[in-house]
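Below: one structure, written as structure tokens.
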């Protein structure tokens with residue numbers, strides 16, 4: 001009996017082991033195809049969900065779908081429907097018809113891997129309205145350039161370019177790895193933006209002659225300090241108390257000619273370097289800012305022309321461009337005029353542009369400290385200010401009154417009574433009212449939103465126009481001042497780079513014994529770490545955000561409405577990535 005029980009136990013154990021092995025093999029085989037099953041289930045759910053959005057025909061034999069699609073892709077869609085009919089073996093062919101609707105279509109901008117990052121920058125502000133001008137092509141150039149103005153350093157730009165080139169050259173391998181790190185995916189998506197920012201930073205760093213806070217003397221300086229020793233232009237350095245020579249181009253024979261490209265390297269060792277660079281970068285920021293804003297206002301003209309709104313051109317675009325050009329465009333002309341008219345010897349007598357611009361608004365021309373730049377300056381400036389002030393009521397009042405008159409004229413034409421006279425074979429007035437009522441009823445059944453007539457509200461239009469006018473006029477002043485961040489961020493980046501060099505790298509370079517080699521290696525490690533962490537990442541992110549603000553607030557609000565909705569086609573790729581759960 002014991003032997004029989006043991007034999008049965010062995011048989012049962014063998015059955016259990018075989019069952020366990022079989023179950024293991026089944027689960028392993030299922031695990032290999034589990035991902036495929038999930039993909040199939042997601043695709044099937046998406047297909048059935050989309051089919052549920054279609055309408056069933058009266059004959060209960062086919063489905064009718066109303067979809068948005070690009071007009072340029074109509075032929076490819078027709079070919080895809082024909083191919084689907086052949087593969088499914090259906091006897092009923094698919095029919096594609098274009099229909100007319102009063103609904104606003106979605107916005108679709110074709111992008112590739114290079115332009116998608118810049119399009120995302122624009123659409124973060126707002127999705128463009130249908131057929132509105134797209135600022136993304138211009139952002140491809142202006143965004144990295146304004147970033148580079150604030151981040152101008154040849155060394156830092158080279159490091160950024162190398163990092164972006166690594167992501168660009170290995171993009172196929174990095175995309176195949178499918179990294180789940182959110183920060184890495186965000187940087188990888190903007191690899192072409194970072195590449196252009198690095199290249200432009202190398203260019204502006206070459207213009208600033210700044211490489212890790214040090215200047216490169218490639219073409220030999222155009223300055224000769226020997227005449228300054230003879231003149232004895234000594235200045236006491238307030239920081240170290242030493243005597244130093246201050247660069248003065250007015251000294252005879254000190255200036256031999258301009259540096260071929262960029263800023264002369266002798267300014268990097270001059271004690272009045274900040275005085276020179278601040279004046280140069282501040283005026284450059286104003287010139288770039290006014291040019292950028294004028295370009296944005298000019299782009300609004302193409303929107304008005306395309307949407308056939310002549311009223312917006314005459315009482316919107318023209319007063320806006322005249323207002324900005326007569327005030328801030330004139331300021332840019334003054335900057336160039338002052339650069340051309342005054343040299344090193346007469347620069348001490350040059351009037352301040354800031355005081356002259358303030359006096360222009362105050363109509364104050366009796367200040368003895370402010371000399372005129374040219375003959376007839378007072379008359380021209382008074383004329384320009386009056387022209388700018390005349391543009392304000394054109395935008396504020398005239399446009400609103402013209403809109404109200406157009407509405408009343410259309411209402412008057414719509415309510416004229418023709419006495420029910422039949423002309424030719426046309427309907428009488430009573431019959432026309434019946435036909436119009438039937439058409440409106442049919443239209444309301446098909447598209448309820450389309451038949452709602454907008455009622456003209458004079459108060460709402462006046463308030464909206466007043467807000468727009470005040471925002472534009474005050475925004476011209478604040479936006480111009482906002483572009484001074486180009487000067488401030490550029491100065492901060494250069495000074496931070498110089499402080500990092502003097503406080504870290506100079507310690508390793510000052511040692512003169514054999515142990516200094518090991519000290520230099522350790523110091524260089526910390527210098528490289530701080531350069532990447534502070535100057536590349538933190539300063540780069542700061543300059544990126546400021547460039548983003550300049551495009552969103554100062555540039556795009558001049559012409560970009562951004563009140564549309566994006567075209568989201570049905571794609572399995574988006575569904576499998578989890579972007580659209582349904």
Between residue 19 and residue 573, take the C-beta separation as r, use R0 = 35 Å, and let me know the FRET efficiency to the nearest 0.05. 0.25
For region 133-237, the Cα convex hull volume per residue in Å³ comes to 180 Å³
Sort 293, 505, 282 by Cβ crowding within 10 Å, fewest neighbours at the top. 282, 505, 293
Over the chain, what is the relative contact order in whole percent, taking alpha-carbon pairs under 8 Å and six or more residues apart? 21 percent
Rg from C-alpha atoms of region 252-408, normalised by the globular rule of thumb 2.2 N^0.38 Å, equals 1.39
For 61, 371, what's the fewest-to-most ordering of other Cβ within 10 Å of each Cβ? 61, 371
Suppose the chain between residue 533 and residue 495 were pulled fully straight at 0.36 nm per residue; how much longer would it get relative to their current alpha carbon spacing? 12.1 nm
Can you tell me the FRET efficiency between residue 68 and residue 165 if r is taken as the Cβ-Cβ distance and R0 is 41 Å, rounded to the nearest 0.05? 0.60
Spacing of the two label points (7 Å from each Cα toward its C-beta) at residue 103 and residue 33, in nm: 4.0 nm
Tell me the Kirkwood hydrodynamic radius of region 2-88 in angstroms, computed as one over the mean inverse distance between distinct C-alpha pairs. 18.8 Å
Determine the calculated [θ] at 222 nm for the chain from helices alone, applying -39500 (n - 2.57) to every DSSP H run no shorter than 4 residues and normalising by the residue count; nearest 500 deg cm²/dmol. -19000 deg cm²/dmol
Sorted by mean Cβ packing within 10 Å, highest first, what order do the peptides 25-37, 345-357 take? 345-357, 25-37
Residue 545 and residue 141 label points (each 7 Å along its Cα→Cβ direction) are spaced in nm at 3.0 nm
Projected label distance in nm at residue 306 and residue 390, using a 7 Å step from Cα toward the beta-carbon: 3.3 nm
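No lab work stands behind these numbers, since they all come straight from the coordinates. Worth saying up front: this structure is predicted, and the values here are computed from it rather than measured. When we count neighbours, we look across all protein chains shown, and the Cβ atoms used for this are built from the backbone with ideal geometry, even at glycine.
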